Amino acid sequence: MTVESDDDLTALKKIGGIVRDCMHEMAEHLRPGITTVELDEIGGRFLATQGARSAPNLAYDFPGHTCISVNDEAAHGIPGERALQDGDLVNIDVSAELNGYWADTGGSFPVGPAKPEIARLCAFTKSARRKAVYAARAGRPINVIGRAVEREASRGGYSVIPELAGHGVGRGIHEPPTVNNVYVAGDRKRLHEGLVITIEPFLTRGIARVYEAEDGWTLKTMDGALSAQYEHTLVITKGHPIVVT
């Protein structure tokens, strides 16, 4: 989507705020013993109170309101009866639609006090997102995003999961362009003013490859390594992007 009016931007900020607040509402309920389906129900109720509809459920008939991925589950985890434990790393990914506008956000959160290795992984993943957001400006190659993510990951001694990428968003949950988290030399697309995208690096200490679990949804790291992800929906401008989540 390309923002074409103040009304577009206002609507994106509205749904962006909803998914952001939903994610934080869910994160506040993280505790040992809560199941991922109980956590998902909290998110579903929050979206309903705002009049928003779950994007993965609406677009893909996903079996949950949100995606909840634990430890070596990098993305698309299905909410279920798994009870969270102290020391788990939980990714909460919330995307939703309101009045024809869509937004997407996500974050990784420790259950209980964060182990040093989890705190460091989360800090570098969040920093990779921040640096990629600052690099994304109208007129620049889209590759500046992947380059920024890779450089920050490398600085921390982490790897980027290449199969998982950001994307266009706004009038649907997944739109062009693909926003790679690694530098792709042949990608000559350029960012333009008003373009709505997500930036969402996935970092891991492991070999940085994923496979699809038997449930047909969950993507897990091949070596069982922890994975972290942080995601914003943003609007490209000539200066700093407008982050709507």
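The values are calculated or read from the model by the stated rules, or taken from the named source; none is laboratory data. Bear in mind that the values here come from a model prediction, so they are computed numbers and not experimental data. Glycine also receives a Cβ, built like all others from the backbone with ideal geometry; neighbour counts cover every protein chain displayed. The protein model used for the area step is the full one, side chains on, heavy atoms only, and it has no ligands, DNA or RNA in it. Shrake-Rupley method; radii C 1.70, N 1.55, O 1.52, S 1.80 Å.
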Original post:
When region 111-122 is examined, which residues are found to be more than 15 Å from the chain's Cα centre (by Cα) and either closer than 24 Å to T36 by Cβ or open to solvent by less than 30 Å² (accessible area, probe 1.4 Å) (or both)?
Top reply: V111, G112, P113, A114, K115, E117, I118, A119, L121
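Listed here are the residues, each with its yes/no results for (1) among the basic types (K, R); (2) within 29 Å of P176 (Cβ to Cβ); (3) out of contact with any helix residue (DSSP H, G or I) (no Cβ under 6 Å at 6 or more places or on another chain); (4) touching a residue at least 60 places away in the same chain (Cβ under 8 Å).
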| position | (1), (2), (3), (4) |
| --- | --- |
| T2 | no, yes, yes, yes |
| D6 | no, yes, yes, no |
| L12 | no, yes, yes, yes |
| G17 | no, yes, yes, yes |
| A27 | no, no, yes, yes |
| G33 | no, no, yes, no |
| T36 | no, no, yes, no |
Original post:
Do the conditions hold for L203, that is, is it in contact with a strand residue (DSSP E or B) (Cβ under 9 Å, 6 or more places away or on another chain), buried (at least 19 other Cβ atoms within 10 Å of the Cβ), more than 18 Å from G106 (Cα to Cα) and not acidic (D, E)?
Top reply: no
Original post:
Across region 206-245, which residue is nearest to V19 (Cα to Cα) among those that are hydroxyl-bearing (S, T, Y) and surrounded by 15 or more Cβ atoms within 10 Å (Cβ to Cβ)?
Top reply: T245
**OP:** Identify, by number, the condition in (1) in contact (Cβ under 8 Å) with a residue 40 or more places away in the chain; (2) part of a strand (DSSP E or B); (3) out of contact with any helix residue (DSSP H, G or I) (no Cβ under 7 Å at 6 or more places or on another chain) that Y211 doesn't meet.
**Re:** (1)
**OP:** Within region 45-57, work out how many residues are surrounded by 19 or more Cβ atoms within 10 Å (Cβ to Cβ) and outside any strand (DSSP E or B).
**Re:** 5
**OP:** Take V94 and decide whether it is in contact with a Cys (Cβ under 6 Å, 6 or more places away or on another chain) and surrounded by 24 or more Cβ atoms within 10 Å (Cβ to Cβ).
**Re:** yes
Original post:
Counting only residues that are open to solvent by 70 Å² or more (accessible area, probe 1.4 Å) and assigned to a helix (DSSP H, G or I), which one in region 22-44 is farthest from I197 (Cα to Cα)?
Top reply: E38
Original post:
What is the number of the single condition among (1) touching a residue at least 40 places away in the same chain (Cβ under 8 Å); (2) within 15 Å of the chain's Cα centre (by Cα); (3) within 19 Å of A135 (Cα to Cα) that L195 does not meet?
Top reply: (2)
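Tell me, yes or no, whether region 140-162 has at least one residue that is part of a loop (DSSP other than H, G, I, E, B) and within 17 Å of the chain's Cα centre (by Cα).
yes
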Subject >> Count - residues of region 172-208 that are part of a loop (DSSP other than H, G, I, E, B) and of a type in the set (F, W, Y) >> reply: 1
